[in-house]
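The values are calculated or read from the model by the stated rules, or taken from the named source; none is laboratory data. Fair warning: this is a prediction, and the values are worked out from it, not measured in the lab. So basically every Cβ, Gly included, is an ideal-geometry build from the backbone, and we count neighbours across all protein chains shown. Surface areas here come from the heavy atoms of the whole protein model, side chains and all, with no ligands, DNA or RNA. Shrake-Rupley method; radii C 1.70, N 1.55, O 1.52, S 1.80 Å.
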Amino acid sequence: MNKSSFEDIPKQYNPGEVEEKWYSFWEENKFFHSEPDDRESYTVVIPPPNVTGVLHMGHMLNNTIQDVLVRRARMLGKNACWVPGTDHASIATEAKVVQKLRKEGITKADMTRDEFLEHAWEWTDEHGGIILEQLKKLGASCDWERTRFTLEDELYESVIDCFIELYERGYIYRGKRMINWDPEAQTALSDEEVIHREVESKFYYVEYKIKGEDRTVTIATTRPETILADTAVCVNPNDERFKHLVGKTAIIPIVEREVPVIADEYVDPEFGTGCLKITPAHDANDYEIGQRHDLEIIDMLNADGTLNEDARFYIGKNRFEARKRIVKDLKEAGQLLKTKTITNKLGYSERTDAVIEPRLSLQWFCKMDELAKPALENVENNNIQFHPEKFKNSYRHWMENIRDWCISRQLWWGQRIPAWYYGDEKDEYVIAKTEEEALERARNKSDKKLSKNDLKQDEDVLDTWFSSWLWPISVFDGFRNPDNEEINYYYPTQDLVTAPEIMFFWVARMIIAGYEFRDEKPFSNVYYTGIVRDNQRRKMSKSLGNSPDPIELINQYGADGVRVGMLFSSPAGNDLLFEEQLCEQGRNFANKIWNAFRFLSMNRLEEAEYSNTLDIDKTNLADRWMLARLHQTIEAVNKNMESFRLNDALREVYSLIWDDFCDWYIELIKPDEAGANINPDRLAVGFNFFEALMKLLHPFMPFITEEIWQRIRSRDTEEAMIVASWPELNKDYISDDDLVAFETIQKMVSAIRNIRAEFNVPPTTDIDILIKAKDGKTAAVIEANEWIFRKLQHIASFKVSENLEKPATSASAVVRSSELFVPLEGVIDLDKERERIEKEINRLEGFLKSINGKLNNEQFVKNAPEDVVQRELDKQADTESNINKLKQILSELN
């Protein structure tokens, strides 16, 4: 692109136009695409969002952070590869398809598996991928040519291969266990897919009769409907209250079933009544007790949470409706003694929000204890680093207490379990990739004469996370072809950016898979983002109506503005309080940068082509200071980026551009005479500084930096900002002497500005400045740079010495042990100024008296709301401070 003349540069920055132009340019020229070569690889895999999902604030944060890391790596000369993709999301997607079909008057039960899957693929094709298109609006520089989907053929095959391999190694087994059941989705869930919430529940105290005796025992339960499936009453063997009952028979209310009274150490005598009802089919602990005591198991619930024939009562009723009815019936029978409100934790489905039902079910499981060991060891020894490190504690606790993973789901949308049954016996099945292979294995295992018609594939699919845990391997085809060029080049990946909520769902399991299948880590760093919350600290969500539409934010503030807003509010690992004003601050920053560019361009000669080498005037303190600040910031940004403190890195660049370059450096290269052009040599240095600043800013604000970069000078396509080299640090340029010297002058100029404001001296009035330097070195620096003071202030005379007396009637300030004086005689009307200040002091003292009156009133302090009292205290402190300041100024005038 050719450089722009000033006339070509719009007065106002137009984010929408610029973003569309440069994103198309980057895509068309394949700047996002990566192929293995001789450069160092830098690989990031996107946490795949649900295929039918849309962009929310959490995605915005996560993908902004990923893009910052990837863009910087690209500028560092690495072969950056950011792999995008989506997750088939078994439960969520199937639920949406079922809901759609229901609206059309069709139920899943009316269809064959293949017919249902046709509808699911149609739904996915229609709604899938929207979120990836939305990420482009944010500026995400993903390699879109590498977009993957967890249910595509290659990845599907990898998952099946993984299942077979783990089965053959003895890690996968089939067993009847107590699992978490989602009655809404009608599928098993892993422990990690259950969200536990504190809720208000009722404790129902129910009386059970003892057979042949005129006595009863009282049981306390929160789930009275499960009484219908009780098969024992249990007490602690050491509980003196109930020892005499052990071995007797209790009678279950409503169903009048006779069950044994047993003793087990599990029972806590202090909890409830100290006497438990045992329902082996509907409680995990009861199931374990039932196994130890060989109790009958009565499963009273259907898959949808309604009561079945085995319940004998309330058949077909929803479990919660059955609860209401049995409570009513127990009360009428005189067996409900009392109810008590308690707070307890209840499990909810992470996907459907249905209350989880413990259920005894035949499922597929993966043994995790041995698999987890290297994954724990390599996080503990920092071979894989967590940022922030505090998350290692949660990870360690989970890994040390890991349970077998229930990997089967009673769904159709997903990778179908490669188990083939050829009989009704428990072990009459084989594991095989294809029907042909299954038939061959079944014939080898069985004496029966089998044909394909005798085989029936398992109806269940695998847990979605069973495909996601292979993601860093499978996207490079590393499972099917473990020694291919891409997996050897791109794996292990470098950085993973994700949310701590899926540390166990996904992060831990990817680490487990990495060591199990490739004997190496899947990534080196895990950056945990926080949860995006509103100013009331509530998690942003559509249901609460407190989450802005990310695309609308981008349309209003520009992608760069929104990226800045997200990063300004996001310290690593901590929840971020998002406020739209931060996006506005980002937009204002873009406007500030654009105006600085327009100012520099306005002074540019049409034919000028400046060298792209930053060659400063070494005799000019402003140049030396700006160079030192630039390299000081490069060092700080590098350090913050390497420790994943992106928030701090951006603030460093923001301060350098806004505070140092725009507010100070540009002011100092302006011409002395209004309307004149900046000296071409000074302008060249200014442009070169500006280019370096745009490089530092590019990972954070890619669009405006590319736009300005392309307008500053003529560039070929391969010289685009997106592949420009990251500014190289040279610590020799960080001169402490120059930094201290310039900062001292900055503080003195600021002190002069404050004096003008305090004494009502107009900015255009010429004043005398006298500086009593703390030492000879300081005096020499100030004298040598008198031009800076004169550039920024209207000055009549300027004097510096180590030996100065304070002039009469002058304002003063102390800056780093040097004293600065501004004589006021003849500059302002002293009598009028004294009168004005005395009036203001009297007004403030009257105001302070009224405040003190309130605060000295015990009734006010005692009865007023705390925040109201605090406001009065704040007003008191501010008023006292202002009075003292005015008295100090008045003393300067006497």
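Every residue in segment 526-550 that is surrounded by fewer than 17 Cβ atoms within 10 Å (Cβ to Cβ), in a strand (DSSP E or B) and touching a residue at least 24 places away in the same chain (Cβ under 8 Å), please.
none
I need the full set of residues from segment 436-474 which are closer than 23 Å to residue 88 by Cβ and open to solvent by 10 Å² or more (accessible area, probe 1.4 Å), in order please.
Listed by number, the residues that qualify are 457, 458, 459, 460, 464, 465.
Please indicate, with yes or no, whether at least one residue in segment 616-638 is at pLDDT below 95, under 40 Å from the mean Cα position of the chain (by Cα) and either among the basic types (Lys, Arg) or not in a helix (DSSP H, G or I) (or both).
For segment 616-638, residues at pLDDT below 95, under 40 Å from the mean Cα position of the chain (by Cα) and either among the basic types (Lys, Arg) or not in a helix (DSSP H, G or I) (or both): absent.
Could you list, in sequence order, the residues of segment 753-770 that are among the polar types (S, T, N, Q) and touching a residue at least 60 places away in the same chain (Cβ under 8 Å)? Break it down stepwise before answering.
Here is the first cut: in segment 753-770, the residues among the polar types (S, T, N, Q) are 754, 760, 764-765.
Within segment 753-770, 760, 765 meet the criteria.
I need a count of the residues in segment 851-873 that are in a helix (DSSP H, G or I) and surrounded by 10 or more Cβ atoms within 10 Å (Cβ to Cβ).
At the first step, the residues of segment 851-873 found to be in a helix (DSSP H, G or I) are 851-855, 858-863, 866-873.
Next, from what is left, pick out any that are surrounded by 10 or more Cβ atoms within 10 Å (Cβ to Cβ): 851-855, 860-861, 863, 868-873.
Number of matching residues: 14.
This table checks each residue for (1) open to solvent by 30 Å² or more (accessible area, probe 1.4 Å); (2) among the aliphatic types (A, V, I, L, M); (3) in a strand (DSSP E or B); (4) touching a helix residue (DSSP H, G or I) at 6+ places or on another chain (Cβ under 8 Å).
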{"residue": "115", "(1), (2), (3), (4)": "yes, no, no, no"}
{"residue": "126", "(1), (2), (3), (4)": "yes, no, no, no"}
{"residue": "135", "(1), (2), (3), (4)": "no, yes, no, yes"}
{"residue": "145", "(1), (2), (3), (4)": "yes, no, no, no"}
{"residue": "154", "(1), (2), (3), (4)": "yes, no, no, yes"}
{"residue": "157", "(1), (2), (3), (4)": "yes, no, no, no"}
{"residue": "163", "(1), (2), (3), (4)": "no, no, no, yes"}
{"residue": "197", "(1), (2), (3), (4)": "yes, no, yes, no"}
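On the given criteria, is residue 644 assigned to a loop (DSSP other than H, G, I, E, B), more than 17 Å from residue 728 (Cα to Cα) and within 31 Å of the chain's Cα centre (by Cα)? Spell out how you get there, then give the answer.
Values: assigned to a loop (DSSP other than H, G, I, E, B): yes; more than 17 Å from residue 728 (Cα to Cα): yes; within 31 Å of the chain's Cα centre (by Cα): yes.
In short, yes.
Only one of these conditions is not met by residue 179: (1) in a strand (DSSP E or B); (2) open to solvent by less than 30 Å² (accessible area, probe 1.4 Å); (3) at pLDDT 90 or above; (4) closer than 24 Å to residue 92 by Cβ. Which number is it?
(3)
Name the residues in segment 74-113 that are open to solvent by 30 Å² or more (accessible area, probe 1.4 Å), without any contact (Cβ under 8 Å) to a residue 12 or more places away in the chain and in a loop (DSSP other than H, G, I, E, B), would you?
Once the filter is applied, which keeps residues that are open to solvent by 30 Å² or more (accessible area, probe 1.4 Å), without any contact (Cβ under 8 Å) to a residue 12 or more places away in the chain and in a loop (DSSP other than H, G, I, E, B), segment 74-113 yields 104, 105, 106, 107, 112.
Please specify each residue of segment 692-728 satisfying the condition of being open to solvent by 10 Å² or more (accessible area, probe 1.4 Å), part of a helix (DSSP H, G or I) and charged (D, E, K, R).
695, 711, 718, 719
Given the conditions (1) surrounded by fewer than 16 Cβ atoms within 10 Å (Cβ to Cβ); (2) touching a strand residue (DSSP E or B) at 6+ places or on another chain (Cβ under 9 Å); (3) of a type outside the set (S, T, N, Q), which single one is not true for residue 395?
(1)
Would you be able to say whether some residue in segment 214-234 is at pLDDT below 90 and either of a type in the set (A, V, I, L, M) or open to solvent by 10 Å² or more (accessible area, probe 1.4 Å) (or both)? Don't jump to the end; show me each part of the working.
From segment 214-234, those at pLDDT below 90 are 214-215; that's our starting set.
Remaining after also requiring either of a type in the set (A, V, I, L, M) or open to solvent by 10 Å² or more (accessible area, probe 1.4 Å) (or both): 214-215.
Checked against the condition, which is being at pLDDT below 90 and either of a type in the set (A, V, I, L, M) or open to solvent by 10 Å² or more (accessible area, probe 1.4 Å) (or both), segment 214-234 yields at least one hit.
Would you be able to tell me the number of residues in segment 56-73 that are open to solvent by less than 10 Å² (accessible area, probe 1.4 Å), modelled with pLDDT under 90 and either among the small types (Gly, Ala, Ser) or in contact with a Lys or Arg (Cβ under 6 Å, 6 or more places away or on another chain) (or both)?
Looking only at that region, the number is 0.
Considering every residue within segment 311-321, establish whether at least one is open to solvent by less than 60 Å² (accessible area, probe 1.4 Å), under 22 Å from residue 182 (Cβ atoms), touching a strand residue (DSSP E or B) at 6+ places or on another chain (Cβ under 8 Å) and of a type outside the set (Gly, Ala, Ser).
Within segment 311-321, one or more residues are open to solvent by less than 60 Å² (accessible area, probe 1.4 Å), under 22 Å from residue 182 (Cβ atoms), touching a strand residue (DSSP E or B) at 6+ places or on another chain (Cβ under 8 Å) and of a type outside the set (Gly, Ala, Ser).
Considering only segment 496-506, I want to know if a residue exists there that is assigned to a strand (DSSP E or B), surrounded by 17 or more Cβ atoms within 10 Å (Cβ to Cβ) and in contact with a Gly (Cβ under 9 Å, 6 or more places away or on another chain).
Initial filter on segment 496-506 (assigned to a strand (DSSP E or B)): 496-498.
Remaining after also requiring surrounded by 17 or more Cβ atoms within 10 Å (Cβ to Cβ): 496-498.
Pick out the ones that are also in contact with a Gly (Cβ under 9 Å, 6 or more places away or on another chain) and you get none.
Taking every residue of segment 496-506 in turn, none turns out to be assigned to a strand (DSSP E or B), surrounded by 17 or more Cβ atoms within 10 Å (Cβ to Cβ) and in contact with a Gly (Cβ under 9 Å, 6 or more places away or on another chain).
Here is a list of conditions, (1) within 23 Å of residue 393 (Cα to Cα); (2) open to solvent by 20 Å² or more (accessible area, probe 1.4 Å), and residue 368 meets all of them except one; can you say which number that is?
Every listed condition holds for residue 368 apart from (2).
Please find, among 717, 705, the residue that is over 25 Å from residue 599 (Cβ atoms) and either of a type in the set (Val, Ile, Thr) or in contact with a strand residue (DSSP E or B) (Cβ under 6 Å, 6 or more places away or on another chain) (or both). Explain how you work it out, then say what you get.
Working: 705 fails: over 25 Å from residue 599 (Cβ atoms).
Criteria check complete, one pass: 717.
Checking the conditions here, which among 692, 784 is of a type in the set (Gly, Ala, Ser) and closer than 17 Å to residue 630 by Cα? Before you say what the answer is, go through the steps one by one.
Working: 784 fails: closer than 17 Å to residue 630 by Cα.
Testing whether each residue is of a type in the set (Gly, Ala, Ser) and closer than 17 Å to residue 630 by Cα leaves just 692.
Where residues in segment 654-673 are β-branched (Val, Ile, Thr) and more than 29 Å from the chain's Cα centre (by Cα), which of them is nearest to residue 564 (Cα to Cα)? Give the derivation first.
Narrowing segment 654-673 to residues β-branched (Val, Ile, Thr): 657, 666, 669.
Those left that are additionally more than 29 Å from the chain's Cα centre (by Cα): 666, 669.
Working: 666: 23, 669: 28 Å.
Only one residue tops the list, namely 666.
Return the pair list, or none, for Cβ contacts closer than 7 Å from residues in segment 771-792 that are under 25 Å from residue 666 (Cα atoms) and of a type outside the set (D, E, K, R) to residues that are assigned to a helix (DSSP H, G or I) and open to solvent by 50 Å² or more (accessible area, probe 1.4 Å), at least 6 apart or on different chains.
Once the first residue is under 25 Å from residue 666 (Cα atoms) and of a type outside the set (D, E, K, R) and sits in segment 771-792, its partners that are assigned to a helix (DSSP H, G or I) and open to solvent by 50 Å² or more (accessible area, probe 1.4 Å) give 792/667.
Just one of the numbered conditions (1) out of contact with any Lys or Arg (no Cβ under 8 Å at 6 or more places or on another chain); (2) in contact (Cβ under 8 Å) with a residue 60 or more places away in the chain; (3) more than 21 Å from residue 397 (Cβ to Cβ); (4) not in a loop (DSSP other than H, G, I, E, B) is not true of residue 438; which one?
Failing condition for residue 438: (2).
Among the residues of segment 801-827, write down those that are touching a residue at least 60 places away in the same chain (Cβ under 8 Å) and assigned to a loop (DSSP other than H, G, I, E, B).
First, the residues of segment 801-827 that are touching a residue at least 60 places away in the same chain (Cβ under 8 Å): 809-813, 815-816, 818, 820, 822, 824, 827.
809, 816, 824, 827, listed by residue number.
Pick out the one residue from 753, 836 that is within 50 Å of the chain's Cα centre (by Cα), among the basic types (Lys, Arg) and open to solvent by 50 Å² or more (accessible area, probe 1.4 Å). Quick ask: steps written out before the conclusion?
On the way: 836 fails: within 50 Å of the chain's Cα centre (by Cα).
After applying the criteria, what remains is 753.
Taking interchain pairs and intrachain pairs at least six residues apart, which have beta carbon atoms under 8 angstrom, with the first residue in segment 664-688 and over 17 Å from residue 614 (Cβ atoms) and among the acidic types (Asp, Glu) and the second in a helix (DSSP H, G or I) and open to solvent by 40 Å² or more (accessible area, probe 1.4 Å)?
667/791; 672/791
Just for segment 771-800: of the residues that are open to solvent by 90 Å² or more (accessible area, probe 1.4 Å) and in a helix (DSSP H, G or I), which one is nearest to residue 737 (Cα to Cα)?
Among those that are open to solvent by 90 Å² or more (accessible area, probe 1.4 Å) and in a helix (DSSP H, G or I), it is 777.
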